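Heads up, the thing below is written out as C-alpha cells.
The values are calculated or read from the model by the stated rules, or taken from the named source; none is laboratory data. This is a predicted model, so every value here is computed, not measured. Note that each Cβ is placed from the backbone with ideal geometry, even for glycine, and that neighbours are counted across all protein chains shown. Protein only, heavy atoms only, side chains kept; ligands, DNA and RNA dropped before computing areas. Shrake-Rupley method; radii C 1.70, N 1.55, O 1.52, S 1.80 Å.
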Amino acid sequence: RNKAEARALLLGKTQLAIGRLNQLADYEARVQGKVNEAKTKLNELKAKEPQLKTEEAQAKERCDRANEQYDKVKLSLDDNIKELRSRLKAGDTCPLCGHVIDGELTTEAFESALLPLQAEREKAQAALTKAASANGLNAKAANELQKQLADAGTELAKAARDASEARATAKQLWQELE
C-alpha cells in the first residue's frame, strides 16, 4: 500500500510538473508573439526615420529661407535705410545694390511686402515644429520599443530557464515512475 501511495504521489507531482511546462510554453509563446509584434513595429518606425529626417531638414531649409527673406525686408524698414530711401527717386541707382530705382520707395510698400513674408515665416516655422515633433515622436517610440524588446528578451530567457528546470524535474519524476 505504501508503494501505491508513493507512486500516486509521484504521479501527481509529475502531472504538476507537466502542467507547469505547459504553462511556461504558453507564456513563452505569448512573450514571443509580443517580441515579434514589437520587432515589426520597430522596423516600421525605422523605415519612417529617413523620410521624417528629410522632411525635417526640408522644413528647416524653408524656415531659414523665410527668415532670411523676412529679415532682408525688415532691414529696409530700419530708420537709417528709411532716410537713405527717402533721398532716392525713380531713375536713381541704389547705392547698396547698384540697381536702377524703377518706382517710388515708400515705407508703406515695404511694410506691406513684410506681411506675406511674416505669414510665410510663421507657416514655415509651424511646418518645422511639426516635422521635428513627428521625428522626435518616432524616435521616442523606437526607443521605447527597443526597451520593450530588451525586457521581453529577459522574460524569454527566464521562461526558458524555468522551462528547462521544469523539464528536468518532470523527466526525473517520470523516471522514478518507471
(message) Conditions first: (1) open to solvent by 80 Å² or more (accessible area, probe 1.4 Å); (2) out of contact with any Leu (no Cβ under 6 Å at 6 or more places or on another chain); (3) more than 21 Å from P50 (Cβ to Cβ); (4) in a helix (DSSP H, G or I). N143 passes all but one, so which condition is the exception?
(response) (3)
(request) Give R65, R85 a once-over and let me know the one that is surrounded by 15 or more Cβ atoms within 10 Å (Cβ to Cβ) and in contact (Cβ under 8 Å) with a residue 12 or more places away in the chain. (result) R85
(request) Output the qualifying pairs, or none if there are none: Cβ atoms under 8 angstrom, residues six or more apart or on different chains, first residue in region 22-37 and open to solvent by 90 Å² or more (accessible area, probe 1.4 Å), second residue small (G, A, S). (result) K34/A152
(request) State which residue pairs qualify: first residue under 14 Å from K82 (Cβ atoms) and inside region 100-113, second residue outside any strand (DSSP E or B) and open to solvent by 50 Å² or more (accessible area, probe 1.4 Å) in any location, beta carbons under 7 Å apart, and separation of 6 or more residues or different chains. (result) E104/A90; T107/K82
(request) Could you please find all residues in region 81-96 being charged (D, E, K, R) and either in a helix (DSSP H, G or I) or under 20 Å from D71 (Cβ atoms) (or both)? (result) K82, E83, R85, R87
(request) May I ask you to say which residue of T154, T129 is closer than 19 Å to D64 by Cα and surrounded by fewer than 17 Cβ atoms within 10 Å (Cβ to Cβ)? (result) T129
(message) Please verify whether T169 is buried (at least 17 other Cβ atoms within 10 Å of the Cβ) and either touching a strand residue (DSSP E or B) at 6+ places or on another chain (Cβ under 6 Å) or among the β-branched types (V, I, T) (or both), treating the condition exactly as stated.
(response) yes
(message) Every residue in region 97-140 that is touching a helix residue (DSSP H, G or I) at 6+ places or on another chain (Cβ under 8 Å), among the aliphatic types (A, V, I, L, M) and part of a helix (DSSP H, G or I), please.
(response) A113, L114, L117, A124, A127, L128, A131, A132, A134, A139
(request) May I ask you to say which residue of E56, E44 is open to solvent by less than 80 Å² (accessible area, probe 1.4 Å), out of contact with any Ser or Thr (no Cβ under 7 Å at 6 or more places or on another chain), under 30 Å from A150 (Cα atoms) and part of a helix (DSSP H, G or I)? (result) E56
(message) Name the single residue that is nearest to P116 (Cα to Cα) among those in region 68-82 being open to solvent by less than 60 Å² (accessible area, probe 1.4 Å) and modelled with pLDDT of 80 or more.
(response) Y70
